[in-house]
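First up is the structure itself, then whatever we jot down about it.
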């Protein structure tokens, strides 16, 4: 057998192919890895941008929550300060704190919200309102004169209409109560046996005023309190509105002023003509004159109407001024004029009863013979004509957050402090605080000093507070008479009359 | 003498090569399709996020500006169906010694090219400062074409890609942003919000 030459089986070729798969595999793996890394980076960038937007929004809401908490603090006798940068409040996924600054009757709250990488800072300025309208149906800062045949009583529009609360058991229609009147000046009550003046309520005299009344023909069902302190009356706030030229309206077609805010140099309604103001509305007029047989309809069905008079309001005898809902809470007549001893800025002789809250802190008011008012009348000085009737709506002086709470005057976005804005990591780490040891919002308020005075009844003396800590008898409280806020313990001698000071810390 | 197996290692038949090449081409095609789809998806997602993020940021900035002002200072007063693509206002900076402190006049408006949102302080004065808040605005709001008809059913006619509707102290802001993709497609995102002026004080003070 001839041996076959040995064939080369190609070990060299095999050797050159060895590992080629690995190279291809490596290239494929690197390509996939690069692609994956790119995708992950992109995804992470997208996610980061989304979460940054969400975090900023959350921080904004936290700052808003801080403002709300600070406001609540002010309403409950605290300074408005909630926590601090050193000890913030943990809330939701983040934290907030509120810095409060008190100055000249204003409170500035700056709230800082931090959530993950989000940062926000907001500020509001609030004006303190320590007193609303005094709780009297009729109140004058200067002399008050009431002519014979006048009826003063009271009702509560939140319990129903006047007619539902009044009866004729005394021979004339009256509720027989709550017709409280007060003055910082002298009060003259006139009446005759045939034409008596009846005050179904108390009379309060402050600031040295003296009461003089006819011996016969004047009935005061309540008590007369003298020697009290002079009461303050809030001034009229005049809104800044675009002003239209004066209008003199006459003709059969009524002039309709639609809902909204508008000012007029003057409005004069001629006889047999009508002007309709549709609520909700704020109407600022320099002068308003309603002639005899003319009608001013204040349509409060759609909302409240505020009528601000800058100079004079004259409703002539036989004129008609109608509040369509007959609800005094929905019609406010504010006279901003300062008549400085001249003719009364507000003359009212309309043939129809007016349901309104009327305030004229710097002007005199004259209600003519037979006028009837449901609501409240507070003025610098006033003369109430014979046969007039004033029915005080107690609902108008009931304390509400709108009259006794702080009033918001400014809201703004402010800069976040640079050291906090620049570090976008975990806020607890940035501030160096332990989330688990931080207080809750309700526990983080800073208290203040309050001087509070309650009354035991309308016109009654103030409650002596010495029993506060020994078990205060709340059944004695008729209403809140006065409170004043101090950032620090008040100086000795600040109290003008019997009261008490309670530190809420 | 035949050595078993030697024949099989000698090479591939043309059939085998054709099948292998065919399979490779099919696989490469599939991979290309998948990669293209992934790239397109990624591009779309990325563009969508950019659009939404920018729209949110612009809306938040405008809303914050509106909240810081007073309804009475807003110009123009454009109740629906009236609308505007610009807003002139002043922001209340705070109260100092009982007096309201207002910012210089500010304006947020669509540029003349209808593509940019511009914030301008002291507009049309030598002291004017301007910042571009977005450059992706659509000339007209999504679904709207300039034909004198309300095409998108929002009670507004021919409204621009940035539109303000003012109702007393409440401003509704609508914005449509758009971006063209590499393959010629156009992505659009539309967002809207309503902001209320939080300040009640007027130019005269609190």
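In 10 Å bins starting at zero, report the fraction of Cα pairs in the range B:33-86 per bin as a rounded %. Histogram of Cα-Cα distances, whole percents per bin: 19, 29, 22, 16, 11, 3.
Taking each residue in A:104-111, count the Cβ atoms of any other chain within 10 Å of its Cβ, then average. What number comes out? Walk me through the numbers before you get to the answer.
Working: counts 3, 2, 6, 0, 2, 0, 1, 0.
Average neighbour count from other chains, rounded to a whole number: 2.
Taking a virtual spin label 7 Å from the Cα of residue A:338 along the C-beta vector, which residues in the range A:240-269 bring their backbone nitrogen under 19 Å of it? Output list for this probe position: A:240.
Note on residue B:82 and residue B:23: their simple-model spin labels are 7.5 nm apart, each label 7 Å out from Cα toward Cβ. Shielding of peptide A:437-445 by partners, expressed as the average count of other chain Cβ atoms within 10 Å per residue Cβ, is 0.
Altogether, the Stokes-Einstein calculation at 4 °C and 1.567 mPa s, with the Kirkwood radius of the range A:138-398 over Cα pairs as Rh, returns a diffusion coefficient of 70 µm²/s. Considering all projection directions equally, how large on average is the shadow of the alpha-carbon convex hull of the range B:39-196, in square nanometres? For the Cα atoms of the range B:39-196, the hull's average projected area reads 10.7 nm². Short-range pairs are left out: with C-alpha atoms under 8 Å and at least six residues apart, the relative contact order of chain B is 22 percent. Cα centroids of the range A:266-302 and the range B:17-80: how far apart, whole angstrom? Going from one Cα centre to the other spans 57 Å.
Highest mean first, what order results for A:432-443, B:142-153 on Cβ atoms within 10 Å?
Details: A:432-443: 12.2, B:142-153: 13.7.
My ranking of the peptides, most packed first, is B:142-153, A:432-443.
Once fully extended, how much extra length lies between residue A:304 and residue A:477, figured as 0.36 nm per residue of separation less the alpha-carbon to alpha-carbon distance? All intermediate terms of the calculation are to be shown ahead of the outcome.
Values: separation 173, 0.36 × 173 = 62.28 nm, distance 3.18 nm.
Result: 59.1 nm gained on full extension.
Here the contact order of the range A:138-398, divided by its residue count and restricted to Cα pairs under 8 Å and six or more residues apart, works out to 18 percent. As a rough footprinting exposure proxy, the listed residues A:151, B:27, A:367 were ranked by other beta carbons within 10 Å of their own, and the order from fewest upward is B:27, A:151, A:367. Each residue, residue A:435 and residue B:35, gets one label point 7 Å from its Cα in the Cβ direction; the gap between the two is 4.4 nm.
Computed from the Cβ-Cβ distance with R0 of 35 Å, the FRET efficiency linking residue A:52 to residue A:443 stands at 0.65. Each part reduced to its alpha carbon centroid, the range A:334-377 and the range B:181-201 end up 52 Å apart. Cβ crowding within 10 Å, taken as a proxy for footprinting-reagent exposure, orders A:332, A:50 from fewest neighbours to most as A:50, A:332.
Report, for the range A:138-398, the % of DSSP beta bridges that are antiparallel, rounded to 5. Show your work: numbers first, answer last.
Details: 1 of 96 bridges.
Antiparallel bridges: around 0 percent, rounded to the nearest 5.
The order of B:62, A:321, A:40, going from fewest to most other C-beta atoms within 10 Å of their C-beta, is A:40, B:62, A:321. Sorting the segments B:182-195, A:26-39 by their residues' average number of neighbouring beta-carbon atoms within 10 angstrom, most packed first, yields B:182-195, A:26-39. Between residue B:111 and residue A:237, the FRET efficiency from the beta-carbon distance, with R0 = 41 Å, is close to 0.50.
Centre-to-centre, using Cα atoms only, the range A:412-426 and the range A:130-170 are separated by 56 Å.
Just checking the output field for A:407-420: average partner chain Cβ neighbours within 10 Å of each residue's Cβ? Could you put the intermediate results ahead of the total?
Numbers: counts 3, 5, 10, 13, 12, 13, 7, 3, 0, 0, 0, 0, 0, 0.
So the per-residue partner count for this stretch is 5.
Shape class for the range A:95-170, computed from the alpha carbon gyration tensor (a ≥ b ≥ c): oblate, with a/c not under 1.5 and a/b at or below b/c. When peptides B:160-173, A:167-180 are sorted by average Cβ neighbour count within 10 Å, with the highest value leading, the order is B:160-173, A:167-180. With both labels modelled 7 Å from their Cα along Cα-to-Cβ, the residue B:75 to residue A:248 distance reads 3.4 nm.
Taking chain B as the reference, fit the longest principal axis to its C-alpha atoms, fit the long axis of helix B:14-67 to the helix C-alpha atoms, and give the angle between the two in degrees, 0 to 90, nearest 10. With rounding to tens, the tilt is 10 degrees.
Computed from the coordinates by the stated procedures, all read-outs in this text should not be read as laboratory data. Everything quoted here is computed from the prediction, not taken from an experiment. Glycine also receives a Cβ, built like all others from the backbone with ideal geometry; neighbour counts cover every protein chain displayed.
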